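Engineer: Take a look at the following structure, please.
Any read-out appearing in this document is the output of simple, stated calculations on the displayed coordinates, not a laboratory observation. The structure presented is a predicted model; accordingly, all values stated were derived computationally and were not measured. Virtual Cβ from ideal backbone geometry, glycine too; neighbours counted across all protein chains shown.
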Amino acid sequence: MRVYLLVMLVAAAVTYLATPFARWLAVRTNAVTAVRSRDVHTIPTPRLGGVAMLLGLGAAFLFASQMPFLEGVFEVNNNAWVILGAGAIVCLLGVADDIWDLDWMTKLAGQVLAAGLMAWQGVQLITVPIGGLTIGSSRMSLFVTVISVVVAMNAVNFVDGLDGLAAGMIAIGGAGFFVYTYLLTLESSPGDYSNLATVILSALVGVCLGFLPHNFHPSKIFMGDSGSMLLGLTIAAAAIVVTGQIDPEQASDRQKIPAFIPILLPAAVLMLPLLDMGLAVVRRVLAGKSPFHPDRMHLHHRLLQLGHSHPRAVVIMYLWSAVFAFGTAALVVVPWQTVLAGLGVAVVVSIILTLGPLRGRERGARHVSPGGHHA
């Protein structure tokens, strides 16, 4: 565990120190989010935070590859470097979008290209840990992988609309996922705790934690599409790597529920982003508009309309992320009946806090905050 925490610390430190450089680069290249009618922030704010995140992720991977404890993870295959390379592609795509405001078709093509290259190099969904199912063909495996990664990237992008929201949610969800993969490794290979998915997630959480001090309200910099797509791709890659590690036929009775978690947990981690994206697509299509047509009807906008201040809206979204991610990860060590009961209580408390005492007196007030640079 100490080695993984060290990887997390390296990622956080490098990202934190590199963020002022990313801000300087954004100002020099005019990658600045102007204030538009759909936005919540009130002053133009630099973006390109994804550049600092990529540097943090790369430094963490490089550090981990030099640790004797984790050498085997990097020697077995080159998946870690494949994921970092795909992350670099989507980060550069996001940088281009942050500077020149690419159209949605160009961005989508770039996302498919990055996800396709990652899958082609071996990071792809092959087995499904339910009844030992295997995806029938290499073409189908490639297709499912690309779709999963592209959906994850866009889901994180859709939810990136308030100071610290996306980075905090991915940090919380990634931490739950990290705990799950670590506990899974302890059970599946007691003699060797090294695991690629755990390395990826420790670096991902570190990157988010390192960026957050610059991104909390009032934000000095936004992560931009370069950051949101990088986070989405990385957490999707971690899910793909860990999926299939459990053999349901060899699992004990206590482990049968956890055998489903590689599918449930990524969905739980991205529950709010996926919900927000799904509602936005349905809402816009029914209105006769493009699914990528921007509006002010995202979940975080609705929280502001309920009367929550900017920081409180973000904390509520954090709370829901923690409920889903840690509730699902708890299935590894706690009986599902207990988890279900605890999850029920947590959901009720979250609903009360969302609709009740934290709400301010003024509804629909505009608050200083970021976001809005996404669709």
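Engineer: Order of 213-226, 160-173, 19-32 by packing, highest average Cβ count within 10 Å first?
Structural biologist: The densest-packed peptide leads the list: 160-173, 213-226, 19-32.
Engineer: Still on this structure, please answer the following. Quickly rank 232-243, 111-122, 144-155 as a protection proxy: mean count of other C-beta atoms within 10 Å, highest first.
Structural biologist: By packing density, highest mean first, the sequence is 232-243, 144-155, 111-122.
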